[in-house]
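Accompanying notes for the structure given below.
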Amino acid sequence: MIASLLVANRGEIACRVFRTCRDLGIRTVAVYSDADESALHTRVADTAVRLPGAAPADTYLRGDLIVKAAVAAGADAVHPGYGFLSENAGFARAVLDAGLLWIGPPPAAIEAMASKTRAKELLGIPPLPQVTEADLPVLVKAAAGGGGRGMRVVRRLADLDAELAAARVEAVSAFGDGEVFVEPYVEGGRHVEVQILADTHGTVWPLGTRDCSLQRRHQKVVEEAPAPGLPAALTGELYRTAVRAARSVSYVGAGTVEFLVADGRAHFLEMNTRLQVEHPVTEAVFGVDLVALQLRIAEGAALDADPPLPSGHAVEARLYAEDPATDWTPQTGTLHRLAVPEGVRLDTGYADGDSIGVHYDPMLAKVVAHAPTRAEAVRRLAGALERTALHGPVTNRDLLVRSLRHPEFTTARMDTGFYDRHLADLTGPAPDPHAPLAAALADAHGRSRFGGWRNVPSRPQVKRYTMAGEEVEVRYRHTRQGLEADGLRVVHADAGLVVLEVDGVRRRFEVARYADRLYVNNTALTALSRFPDPAAQLAPGSLLAPMPGTVVRVAQGLAPGSPVQAGDPLLWLEAMKMEHRVTAPVTGTLSALEVVPGQQVAVGALLAVVEPT
């Protein structure tokens, strides 16, 4: 029996595994990098061990340090989570060689399936021969990992070599393995997968399907179970292929077999020899705890002959600290508050006040809704996200709400190209026009009536804010009757709640303030000083670093004086183990280039200046 378990991971998945361990009475051990010293997963574990000597971005790839930490902490089992070393057969062997229990499949099974190229060979799927123009578009993929890292769509043969090189860099950074391969890219397909659970006694459960078609950067954003609208015959084919894949390598534990479904046909993609990020939707539909089942299987327990019956529908949305409107740029800063309404499940690796750094994936949380029907689950999730209090860096929350309510999604006609078609429509700003006034009234509350009161009613109080990139100005008055504003009635105003009546309709505005940043319901504002600093003004065309990171490379031949077109890539930043393009904001001339490859930059640092034509 497992008495103490180390999770060789961080953040949300470590917290998720620890939750089940607490329920089962198992002691928990966390590992952490220097950047994660005060992270939530280190605070909720019974004990925590620092992983010394490695850069924060690479710490969780040091299997030798993790095994030493498990032995030092007295753990008798290791759970790999997902990402990092979860599909690394060498790490699994090192855990077993140290006399520890490995919560996962045998190393030989990982070896056979974790490399997508070998997995295809095992199932008799021929590799793509030398690529020609006729094969395009193609998909470049990392052989050793997932999560969209090391993945590129190539539509021009002339771009293939550069994209292969970039994919190798990302794959090494994320997985420690630079092997990549090329396969046909199927346009308009759906990403469908089958959850597998296998014990050591020969039983393999195909535990339902999931649809994960809404993706950005080839990384899933919204997932659901079961996959809607699949014909029974196709579902049966997916089950049989998934079970055959598991049996072909004597698989043990939880795994996922992924397919691309297009034109009524299923194309095998890969088998992930680990727990998936989206496992909660399967748990909700089947009423199981997959982590608990992983642990019991590792202890030798046998599964029932047949899996439990499914019930209802579940949908999961991933909340990311990123700006979808600016090429999904990751965001950093303090997460002041994250609170979801009752009735949905929240899996997160953050607590209020935690810092979102640059070294790791920007996922903040997963929100999951379960209901008797798909329509009810989708509606419940969209409503819960809309009412979620989320105070901190820019996130994809509004995008998720709009995606869940989009006709293509509500009618289950989505595919992996959903955001390619609809991103511009889904990311347009929709700030509440009354939010600035509510912020000003909340700020005015508590001041002495006579401190804000004016003898001349024509001179109102004025407050200025930025909202959705625009500067706005609001006016209100302190009167003997209280706060007043033109065109509406102020029903109530205090520091945290403002109630306004507009055309006979009352609306509530919850207000929170952190220094000069305010959150009014779902609208974020920044309070502006009455006396702006002229020295803080930037030249037109200035490009600032959207995040802390490392300058990976500069566009070939780019130098001050170079002509550039709006949208041209000027340089690439690496942050959170992915590369991010910085493009010219306007057509003009590059008048300054302030960085060189290899340089570390802070958020807001000046990178370059493009003088408009």
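The values are calculated or read from the model by the stated rules, or taken from the named source; none is laboratory data. Since the model is a prediction, treat every value here as computed from it, not as a measurement. Cβ atoms come from the backbone with ideal geometry, glycine included; neighbour counts cover every protein chain shown.
When every residue of the range 569-583 is checked against the conditions, none turns out to be assigned to a loop (DSSP other than H, G, I, E, B) and either surrounded by fewer than 18 Cβ atoms within 10 Å (Cβ to Cβ) or without any contact (Cβ under 8 Å) to a residue 24 or more places away in the chain (or both).
When the range 23-62 is filtered for residues that are polar (S, T, N, Q), surrounded by 22 or more Cβ atoms within 10 Å (Cβ to Cβ) and in a helix (DSSP H, G or I), only Thr59 remains. Among the residues making up the range 87-109, those that are under 22 Å from Asp199 (Cβ atoms), at pLDDT 95 or above and either among the β-branched types (Val, Ile, Thr) or not in a helix (DSSP H, G or I) (or both) are Val95, Leu100, Leu101, Trp102, Ile103, Gly104, Pro105, Pro106.
Only a single criterion out of (1) out of contact with any Phe, Trp or Tyr (no Cβ under 9 Å at 6 or more places or on another chain); (2) modelled with pLDDT of 90 or more; (3) farther than 30 Å from Arg168 by Cβ is not satisfied by Ala527, namely (1). In the range 286-308, of all residues being out of contact with any helix residue (DSSP H, G or I) (no Cβ under 8 Å at 6 or more places or on another chain) and aliphatic (A, V, I, L, M), the one that is surrounded by the fewest Cβ atoms within 10 Å (Cβ to Cβ) corresponds to Ala305. For the range 389-502, the helices (runs of 4 or more DSSP H) that sit wholly inside it and include 3 or more residues that are under 18 Å from Glu322 (Cα atoms), of a type outside the set (Phe, Trp, Tyr) and at pLDDT 95 or above are 397-404, 418-426.
Within the range 41-65, being touching a strand residue (DSSP E or B) at 6+ places or on another chain (Cβ under 6 Å) and of a type in the set (A, V, I, L, M) holds for Ala45, Ala48, Val49, Leu51.
Between Thr326, Thr332, Thr348, the distinction of being polar (S, T, N, Q) and modelled with pLDDT of 95 or more belongs to Thr348 only.
Scan the range 319-328 for residues that are closer than 22 Å to Leu573 by Cβ and either crowded, with 20+ Cβ neighbours inside 10 Å or of a type outside the set (Val, Ile, Thr) (or both) and jot them down. Correct list: Tyr320, Ala321, Glu322, Asp323, Pro324, Ala325, Asp327, Trp328. Working only within the range 364-402, note down all residues that are hydrophobic (A, V, I, L, M, F, W, C) and more than 23 Å from Val520 (Cα to Cα). Answer for the range 364-402, where residues must be hydrophobic (A, V, I, L, M, F, W, C) and more than 23 Å from Val520 (Cα to Cα): Val368, Ala369, Ala371, Ala375, Ala377, Val378.
Which of the residues spanning the range 301-329 are of a type in the set (A, V, I, L, M, F, W, C), touching a strand residue (DSSP E or B) at 6+ places or on another chain (Cβ under 7 Å) and over 19 Å from Val401 (Cα atoms)? Once the filter is applied, which keeps residues that are of a type in the set (A, V, I, L, M, F, W, C), touching a strand residue (DSSP E or B) at 6+ places or on another chain (Cβ under 7 Å) and over 19 Å from Val401 (Cα atoms), the range 301-329 yields only Leu303.
Does Ala144 fit the bill of being touching a Gly at 6+ places or on another chain (Cβ under 6 Å), modelled with pLDDT under 80 and either hydroxyl-bearing (Ser, Thr, Tyr) or not assigned by TED's automatic domain parsing to the domain that holds Gly81 (or both)? Criteria not met by Ala144. Within the range 1-22, being closer than 20 Å to Met363 by Cβ and not in a loop (DSSP other than H, G, I, E, B) holds for Val7, Gly11, Glu12, Ile13, Ala14, Cys15, Arg16, Val17, Phe18, Arg19, Thr20. The lone criterion from (1) more than 27 Å from Pro324 (Cα to Cα); (2) surrounded by fewer than 23 Cβ atoms within 10 Å (Cβ to Cβ); (3) touching a residue at least 40 places away in the same chain (Cβ under 8 Å) left unmet by Gly189 is number (1). Using the structure shown, decide if Leu164 is modelled with pLDDT under 95 and touching an Asp or Glu at 6+ places or on another chain (Cβ under 7 Å). Spelling it out, it is not the case that Leu164 is modelled with pLDDT under 95 and touching an Asp or Glu at 6+ places or on another chain (Cβ under 7 Å).
In summary, helices (runs of 4 or more DSSP H) completely within the range 222-317 and bearing 1 or more residues that are within 30 Å of Val180 (Cβ to Cβ), under 25 Å from the mean Cα position of the chain (by Cα) and modelled with pLDDT of 95 or more occur at 279-286, 290-298. Among the numbered conditions (1) closer than 18 Å to Leu295 by Cβ; (2) surrounded by 19 or more Cβ atoms within 10 Å (Cβ to Cβ), the only one that Phe84 does not meet is (1). Of the strands (runs of 3 or more DSSP E) lying entirely inside the range 330-376, the ones with 3 or more residues being on the phi < 0 side of the Ramachandran plot and either touching a strand residue (DSSP E or B) at 6+ places or on another chain (Cβ under 7 Å) or in the same structural domain as Val222 (by TED's automatic domain parsing) (or both) are found at 337-339, 345-348, 354-356, 363-371.
Here Gly176 fulfils each of the conditions (1) surrounded by fewer than 20 Cβ atoms within 10 Å (Cβ to Cβ); (2) over 22 Å from the mean Cα position of the chain (by Cα) apart from (2).
Which one of these is within 30 Å of the chain's Cα centre (by Cα) and farther than 30 Å from Gly487 by Cα: Ala592, Ala605, Ala559? So the residue among Ala592, Ala605, Ala559 that is within 30 Å of the chain's Cα centre (by Cα) and farther than 30 Å from Gly487 by Cα is Ala605. Scanning the range 71-86 for residues that are assigned to a helix (DSSP H, G or I) and in contact with a Ser or Thr (Cβ under 9 Å, 6 or more places away or on another chain) yields one hit, Ala73.
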